[in-house]
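A.B. asks: Once you've had a glance at the structure underneath, I'll fire off some questions.
Values quoted throughout were computed directly from the atomic coordinates according to the rules given, and no laboratory measurement underlies them. Given the structure is predicted, the values throughout are model-derived calculations rather than measurements. Cβ: placed from backbone, ideal geometry, glycine included. Neighbour counts: every protein chain shown.
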Amino acid sequence: MITRDPQTLDAPAVRRVFAIMAARGIDVRPEAPAPPDEMEMVDARIPARFRKAEVEHPQLHDWVQTMLATTRRGSSGELTAVGGPSLLMIGTTGTGKTYEAFGAIRALTSAGARLAWKATTAADLYAALRPRTGVDTERELATMARCPLLLLDDLGAAKASEWTEEITYRVINHRYAEMLPTLITSNLPVSQLRQAVGDRVASRLAGMTGRAIFTGPDRRRHPAA
Ligand SMILES: Nc1ncnc2c1ncn2[C@@H]1O[C@H](COP(=O)(O)OP(=O)(O)OP(=O)(O)O)[C@@H](O)[C@H]1O
Ligand SMILES: [Mg+2]
């Protein structure tokens with residue numbers, strides 16, 4: 001017989017047990033520790049420059065609202081995102097794409113939505129997935145491909161090779177097939193992005209993402225813009 005120490009039960013299993021007991025009018029929850037401030041936890045993972053980022057772009061605003069509309073209320077009252085739309089954020093350098101992407105993640109959190117998310121630049125993703133001894137890069141790839149929300153920043157900026165194209169394809173194809181929400185930024189116009197990432201990726205991006213165009217001056221050079 002397989003027995004499991006209650007301490008080692010995974011959280012979904014514990015929540016299911018609590019839900020069944022609650023349905024029978026029995027509250028078995030131990031004194032819960034005060035929940036850590038979700039916003040602080042999210043901000044701690046956001047690069048310092050974007051920790052106060054807010055959504056201004058109308059399409060990012062719509063994206064956040066649609067994401068919130070796809071959430072489900074969990075057993076402890078939190079909003080858990082289930083699937084959702086993806087967005088390709090295109091614009092020249094310094095127009096606020098990364099800022100707004102983190103702003104959108106912050107907006108979801110402050111609205112009470114809880115979802116696991118990951119953010120990486122495409123260049124960092126390729127670096128992390130370079131095969132090397134002692135590192136399970138397949139597992140890392142699966143983590144990025146499967147995470148509930150992914151911000152893939154600066155797609156098309158890294159030097160392309162067959163290998164980078166294959167990595168991008170595997171991540172994007174999984175997210176396309178599973179309809180997982182993905183924020184993608186690029187400072188290449190769409191036609192150049194297609195060349196940079198290859199037709200298979202470009203086709204999936206066209207099928208899975210709405211588009212948000214960023215215009216204006218480089219805010220790094222003109223901070224008051
Ligand atoms: N709406 C905003 N309000 C205040 N600051 C902003 C806003 N949008 C962008 N910034 C600031 O402008 C700078 C450039 O923004 P960001 O890094 O998001 O540009 P980007 O479009 O991602 O550029 P790149 O394509 O080079 O990565 C950053 O310092 C950012 O904090
Ligand atoms: Mg950026």
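A.B. asks: For T133 paired with D218, estimate the spin-label separation in nm (one decimal), with each label point 7 Å from Cα along the Cα-to-Cβ line.
C.D. replies: Between T133 and D218, the label points sit 4.3 nm apart.
A.B. asks: Charges only on Cβ, +1 for Lys and Arg, -1 for Asp and Glu: so what's the dipole of the stretch 35-214 about the Cα centre, in debye to the nearest 20? Numbers along the way, then the final one.
C.D. replies: Details: 21 positive and 20 negative charges, 30 e Å.
For the stretch 35-214, the charge dipole is close to 140 debye.
A.B. asks: So for the stretch 35-214: antiparallel DSSP bridges make up what percent, rounded to the nearest 5? All intermediate terms of the calculation are to be shown ahead of the outcome.
C.D. replies: Working: 3 of 23 bridges.
For the stretch 35-214, the DSSP antiparallel bridge percentage is about 15.
A.B. asks: Please list, ordered by chain and number, the residues whose modelled amide H lies under 5 Å from the amide H of T71; skip anything fewer than 5 residues away on the same chain.
C.D. replies: It is V82, by chain and number.
A.B. asks: Continuing with the same structure: Do any chymotrypsin sites (Phe, Trp or Tyr not before Pro) in the stretch 156-224 lie in a DSSP loop with no more than 12 other beta carbon atoms within 10 Å, and if so, which?
C.D. replies: Numbers: sites: W163, Y169, Y176, F214; in loops: none.
Sparse-neighbourhood loop chymotrypsin sites (Phe, Trp or Tyr not before Pro): none present.
A.B. asks: Something else about it: What is the P(r) of the stretch 97-205, as percent of Cα-Cα pairs per 10 Å bin from 0?
C.D. replies: 14, 47, 32, 7, 0
A.B. asks: If amide hydrogens are placed 1.01 Å from N in the peptide plane, which non-local residues have theirs closer than 5 Å to the one on D153?
C.D. replies: Long-range HN contacts for D153: T120, T121, A122, T185.
A.B. asks: Across the stretch 217-225, in residue order, what do the Karplus-derived ³J(HN,Hα) couplings come to in whole Hz, using 6.51 cos²θ - 1.76 cosθ + 1.60 with θ = phi - 60° and x for Gly and Pro?
C.D. replies: So the J values, rounded to whole Hz, are x, 5, 5, 6, 8, 10, x, 8, 5.
A.B. asks: Would you give the gap between the C-alpha center of the stretch 59-121 and the C-alpha center of the stretch 173-225, rounded to a whole Å?
C.D. replies: Each part's Cα centre sits 16 Å from the other's.
A.B. asks: For L180, what charge total do you get from the other residues with a beta carbon under 15 Å from its beta carbon, if Lys and Arg give +1 and Asp and Glu give -1? Walk me through the intermediate numbers first.
C.D. replies: Numbers: positive: K118, R146, R170, R175, R204; negative: E178.
Once all neighbours under 15 Å are counted, the net charge is +4.
A.B. asks: Then there is this: Work out how much length Q65 to Q195 would gain on full extension: take 0.36 nm times their residue separation and subtract the Cα-Cα distance, in nm to one decimal. Walk me through the numbers before you get to the answer.
C.D. replies: Working: separation 130, 0.36 × 130 = 46.80 nm, distance 3.21 nm.
The Q65-Q195 span can extend by a further 43.6 nm.
A.B. asks: Under the Karplus relation 6.51 cos²θ - 1.76 cosθ + 1.60, θ = phi - 60°, what is the ordered set of whole-Hz ³J(HN,Hα) values for the stretch 56-65, x standing for Gly and Pro?
C.D. replies: In residue order, the calculated couplings are 10, 5, x, 6, 5, 4, 4, 4, 4, 4 Hz.
A.B. asks: Grab the other residues whose beta carbon is less than 14 angstrom from that of P189, score K and R as +1, D and E as -1, and report the net.
C.D. replies: Once all neighbours under 14 Å are counted, the net charge is +3.
A.B. asks: Provide the net charge surrounding V55, with neighbours chosen by a C-beta distance below 11 Å and charges set as Lys +1, Arg +1, Asp -1, Glu -1. The partial results should precede the final answer.
C.D. replies: Values: positive: R106; negative: E54, E56, D62, E100.
Spelling it out: positives minus negatives among the neighbours equals -3.
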